[in-house]
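See structure below.
Every number here is computed from the coordinates shown, using simple stated rules; none is lab data. The shown structure was predicted, so the numbers you read here are calculated from the model rather than taken from an experiment. Note: ideal-geometry Cβ built from the backbone for every residue, glycine included; neighbour counts use all protein chains shown.
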Amino acid sequence: MVLYFHDVIYNGENAANATSALVAAPQGANLTKLADQFHFGDIAVFDDPITLDNNFHSKPVGRAQGFYIYDTKNTFTAWLGFTFVLNSTDHQGTITFAGADPILKKTRGISVTGGTGDFFMHRGIATISTDAYEGEVYYRLRVEINFYECW
């Protein structure tokens, strides 16, 4: 199963289109600018559209909801915790993910820790790759999900 999620980071000027926002930052009250030095200490929450292809304007099949924490001082990495909430004619339910994301690697693995509905008690691995990146405003992740345990 391959899905794409599209993240538009709030920058103080794009509130109408933003799908994620900083909720904690080392620079204090300035939650519109990512921290210097690999964004260390920034925490963001997101509610991103999920599509079947890499087109931002495609009809969403669900939402990716969760958070990421920039957790390393000497390179770009984040810790992710999120859920795909799917509500389409093909799939109903949730898939939950958690783990480290070494952002600069071409592909990286993250754990599928469970699910509900069509994905009840599913576990597995998801391979994430950054499919598009536009500065500090937009990125798109390709998520290939492989289940190894299903009920």
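Annotations for the structure displayed:
- For the peptides 60-72, 104-116, residues were scored by their other Cβ atoms within 10 Å and the scores averaged per peptide; the highest-first order is 60-72, 104-116.
- Highest GNM mean-square fluctuation among His57, His39, His122, for the chain modelled with Cα contacts below 10 Å: His57.
- A simple rule links phi to the HN-Hα coupling: the Karplus curve 6.51 cos²θ - 1.76 cosθ + 1.60 with θ = phi - 60°, which for segment 97-103 gives 10, 7, x, 7, 10, x, 3 Hz, with x for Gly and Pro.
- Restricting attention to segment 1-107, lysine pairs at least eight places apart or on different chains and with alpha-carbon atoms under 25 angstrom apart total 4.
- Vicinal HN-Hα couplings computed from phi for segment 49-66 (Karplus, 6.51 cos²θ - 1.76 cosθ + 1.60; Hz; Gly/Pro x): x, 10, 10, 7, 10, 8, 8, 4, 8, 5, 5, x, 9, x, 10, 9, 10, x
- In summary, segment 8-93 shows an alpha-carbon radius of gyration equal to 1.22 times the 2.2 N^0.38 Å reference for compact globular proteins.
- Table column - 3J(HN,Hα) (Hz), segment 78-86, Karplus curve with 6.51, -1.76, 1.60, x for Gly and Pro: 9, 10, 10, x, 7, 10, 8, 9, 9
- Local electrostatic count at Arg142 - Lys and Arg +1, Asp and Glu -1, tallied over other residues with Cβ under 15 Å: -2
- The distance from the alpha carbon centre of segment 96-151 to that of segment 42-60 is 13 Å, rounded to a whole number.
- With contacts taken as Cα pairs under 8 Å and at least 6 residues apart, segment 1-110 reaches a relative contact order of 19 percent.
- Its alpha carbons considered, the chain gives a radius of gyration followed by a Dmax of 15.2, 46 Å.
- Electrostatic tally near Leu86: other residues with Cβ closer than 10 Å to its Cβ, Lys and Arg +1, Asp and Glu -1, net -1.
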